[in-house]
Amino acid sequence: MHSIQTTVEGPIDEVEAAARVALAAEGFGIVSEIDVAANLRAALGVDRPPLKILGACSPVFIQEALEIDPSVALLVPCNVVLQPDGARTSVSVVDPRALITDPKFARLATDAADRLTSALAALGGPVSETVA
């Protein structure tokens, strides 16, 4: 999976709050959230380290994308994943350029990736792009 990621100092709750602010500054709202650890504990009795998924969406991007092809709705919202890494927190997001490879979406996917990269950079850690 192609992703954009950073790891920053601080506990997951603090980094999540900062990520919400940084994403909002780039035009992304949080439309959903999943506390994976809490859900697995409730459903299966499994204890695992914290893992949070925020569903980020830009109304501007989604409107433009839906005008190009309504089936792009299958790819929203954009998942932002937070998980502890020792005393630090890892924040990653799927790279929209890898999700949407149709040339009709190239400019839009690049703009979204640039804004997501800026949001992660605002958290203060080094930002990298990876293929996992």
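The values are calculated or read from the model by the stated rules, or taken from the named source; none is laboratory data. Predicted model, so just to flag it, every value in this text is computed and none were measured. So basically every Cβ, Gly included, is an ideal-geometry build from the backbone, and we count neighbours across all protein chains shown. Heads up: the accessible areas ignore ligands, DNA and RNA and are worked out on the full protein's heavy atoms, side chains in. Shrake-Rupley method; radii C 1.70, N 1.55, O 1.52, S 1.80 Å.
General remarks:
- Think of each Lys and Arg Cβ as +1 and each Asp and Glu Cβ as -1; about the Cα centre, that makes the dipole of the chain roughly 140 debye.
- Computed [θ] at 222 nm, deg cm²/dmol, the chain (DSSP H ≥ 4; -39,500 (n - 2.57); rounded to nearest 500): -12000 deg cm²/dmol
- Placing a label point 7 Å from the Cα of D35 along the Cα-to-Cβ direction, the residues of the range 80-95 whose backbone N falls under 19 Å from that point are 80-85, 89-90.
- For the pair L44 and L75 in one chain, pulling the backbone fully straight at 0.36 nm per residue adds 8.4 nm over the alpha carbon distance.
- Cβ-defined net charge surrounding L66, 15 Å radius [Lys, Arg +1; Asp, Glu -1]: -3
- Of all accessible heavy-atom area on the chain, the percent that carbon and sulfur account for (1.4 Å): 58
- Put simply, the amide H of E33, placed in the peptide plane, has neighbours under 5 Å in G55, leaving out anything fewer than 5 places away on its chain.
- The range 1-122, relative contact order in percent, only Cα pairs under 8 angstrom and at least six apart counted: 35
- Between the Cα long axis of helix 106-121 and the first principal axis of the chain there is an angle of about 30°, rounded to the nearest 10.
- Per residue, the chain exposes 54 Å² of accessible surface when a 1.4 Å probe is rolled over the protein heavy atoms with every protein chain present.
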